[in-house]
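The values are calculated or read from the model by the stated rules, or taken from the named source; none is laboratory data. Model, not experiment: these values are computed from the prediction. Note: ideal-geometry Cβ built from the backbone for every residue, glycine included; neighbour counts use all protein chains shown. With ligands, DNA and RNA removed, areas are computed over all heavy atoms of the protein, side chains included. Shrake-Rupley method; radii C 1.70, N 1.55, O 1.52, S 1.80 Å.
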Amino acid sequence: RMMEKVNQQVLEIQDRERKNALTQYRLLATQIEPHFVYNTMSLINALASQGDDAGVIEINTALIHLLRERINTRATIVDTVNSEIKTLEEYLRIMAYRYGDAVSVSIDVDPQLRQCQIPKNLLQPLVENAFMHGLTNESGVCQGSIGILIYESEGTIVIEVSDDGKGMEPD
């Protein structure tokens, strides 16, 4: 009986830890950089003041899609590579309006991986970090290129996000 009770307690602890990890992931996945939302709303205002109705609609639609995807973690915490790429493209649409031709982005995805499952909301924050920490200099100017490469190596999906920005200090 004691062994059965210990086994039951182990299962309960594992279940509780799994639920806790899932809750922490959902909280992390729904975090949205406030400066990004603020800057996007400011961009929409600027487009509206210029009378660029098409631009306002395009950027607002992209923002709505991004917010919906970032906040919607109830159904699942994974999504297809293809779906994550589509969400990333909405983000890149906003950034293209913001930075124009100053930043170029290339996306290379192994077609065989497009339907594979990866953690939801994984790509956009990685690319956002490349914009903010890789390509933006101390004076706030953002320029350069970002490369996104998704391929398979030894049975594992590899996601590489690289930029040609300032780099990091060795330490």
Inset, instruction - Give the carbon-plus-sulfur fraction of the accessible surface of the chain in %, rounded to a whole number; probe 1.4 Å, heavy atoms of protein chains only. - result: 53
Legend entry - Spacing of the two label points (7 Å from each Cα toward its C-beta) at N82 and M132, in nm: 3.1
Inset, instruction - Calculate one ³J(HN,Hα) per residue across the stretch 44-51 by plugging θ = phi - 60° into the Karplus curve 6.51 cos²θ - 1.76 cosθ + 1.60, and present them in order as whole Hz with x for glycine and proline. - result: 4, 4, 5, 5, 5, 5, 8, x
Legend entry - Estimated dipole of the chain in Debye, rounded to 20 [Cβ of Lys and Arg +1, of Asp and Glu -1, Cα centre]: 960
Legend entry - Within-10-Å neighbourhood charge of L135 [Cβ basis; K, R +1; D, E -1]: -1
Legend entry - Sum of -39500 (n - 2.57) over DSSP H runs of 4+, divided by residues of the chain (222 nm, nearest 500): -17500 deg cm²/dmol
Inset, instruction - Find the relative contact order for the chain and round it to a whole percent, using C-alpha pairs within less than 8 Å whose residues are 6+ positions apart. - result: 18
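Using only Cα atoms, what Kirkwood radius does the stretch 78-171 have, in angstroms?
After inverting the pairwise mean of 1/r, the radius is 14.0 Å.
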Legend entry - Rounded to 10°, Cα long-axis angle of helix 81-99 versus longest principal axis of the chain: 30
Inset, instruction - Quick one: divide the alpha-carbon radius of gyration of the chain by 2.2 N^0.38 Å and tell me what you get. - result: 1.29
Inset, instruction - List the residues whose amide H sits under 5 Å from the amide H of V103, counting only those 5 or more places along or on another chain, with H placed 1.01 Å from N in the peptide plane. - result: G144
Inset, instruction - First check a/c for the stretch 89-134, with a ≥ b ≥ c the square roots of the eigenvalues of its C-alpha gyration tensor; if it is under 1.5, answer rounded, and if not, answer prolate when a/b is larger than b/c or oblate otherwise. - result: prolate
